[in-house]
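Let me begin by handing over the structure; questions about it come next.
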Amino acid sequence: MNKKYRFKNSPSILVFYCIFEIMDFSKTYTVEQAQKKLESYCAYQERCHKEVKAKLKDMRMIPVAIDNIIVHLIEHNFLNEERFAKAFVRGKFRIKKWGKNRLVRELKFREISKYSIDDALKEIDLDEYHSTLDELTQKRIAQVKEKNIYKKKKKVADYLLYRGWESHLVYEKLNTYL
């Protein structure tokens, strides 16, 4: 235990002191200040409603103010669910090489509507999708140093399934290459 927090025979004071230190009571925001801060927060990078709401709760804004600020951000086009979903899908597919299952799961976790998810998945070109799976499969097969062909297949399949690629496509590729 850190010497700074040593109190003799008083664990309740220690708990109170630690909680008080964790919670920063000094910073409060007016609605206008929070609105400006969230405008720059949303302008920096596409955000979903869930992220914005969490940020406002962290700023200790009341529910009425949260709703007003979110409405303002939507009206002034700082916050757009469809635009977020499309940018998210493009980025995660091209950079992290995620499959459609993983993309859908992550968007649902962020409480994006089914319409926006379906619309965003149309951003992926099917030829590019299949060539990416092909490339990932070949790369992973080369990386896995397993003598037993069935164990190697399982390891490669687990890797691809974790990344959200459809199982029928994964096993089709594995049967082609192994």
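Filtering segment 163-178 down to residues that are over 14 Å from S131 (Cβ atoms) and polar (S, T, N, Q), which residue is surrounded by the fewest Cβ atoms within 10 Å (Cβ to Cβ)?
The residue in question is N175.
Every residue, every condition in (1) surrounded by 17 or more Cβ atoms within 10 Å (Cβ to Cβ); (2) of a type in the set (G, A, S); (3) more than 14 Å from the chain's Cα centre (by Cα), yes or no:
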position: L73; (1), (2), (3): yes, no, yes
position: H76; (1), (2), (3): no, no, yes
position: L79; (1), (2), (3): yes, no, yes
position: E82; (1), (2), (3): no, no, yes
position: I95; (1), (2), (3): no, no, no
position: K100; (1), (2), (3): yes, no, yes
position: V104; (1), (2), (3): yes, no, no
position: A120; (1), (2), (3): yes, yes, yes
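Condition first: without any contact (Cβ under 8 Å) to a residue 40 or more places away in the chain, of a type outside the set (S, T, N, Q) and more than 27 Å from T132 (Cβ to Cβ). Now tell me which residues in segment 65-114 satisfy that.
A65, I66, D67, I69, I70, V71, H72, L73, I74, E75, H76, L79
Also, I was wondering about something else. Could you grab me the full set of residues in segment 137-153 that are over 18 Å from G99 (Cα atoms) and either outside the structural domain of K173 (by TED's automatic domain parsing) or part of a helix (DSSP H, G or I) (or both)?
A142, Q143, I149, Y150, K151, K152, K153
Right, here's the next one. Which residue is farthest from R94 (Cα to Cα), if the candidates are limited to segment 128-161 and must be surrounded by 12 or more Cβ atoms within 10 Å (Cβ to Cβ) and hydroxyl-bearing (S, T, Y)?
Y159
Any chance you could count how many residues in segment 115-129 are touching a Leu at 6+ places or on another chain (Cβ under 8 Å) and closer than 12 Å to K100 by Cβ?
3
The values are calculated or read from the model by the stated rules, or taken from the named source; none is laboratory data. A quick note: this is a predicted structure, and the numbers were derived from the prediction, not measured. With ideal geometry, Cβ positions are generated from the backbone for all residues, glycine too; neighbour counts draw on all protein chains shown.
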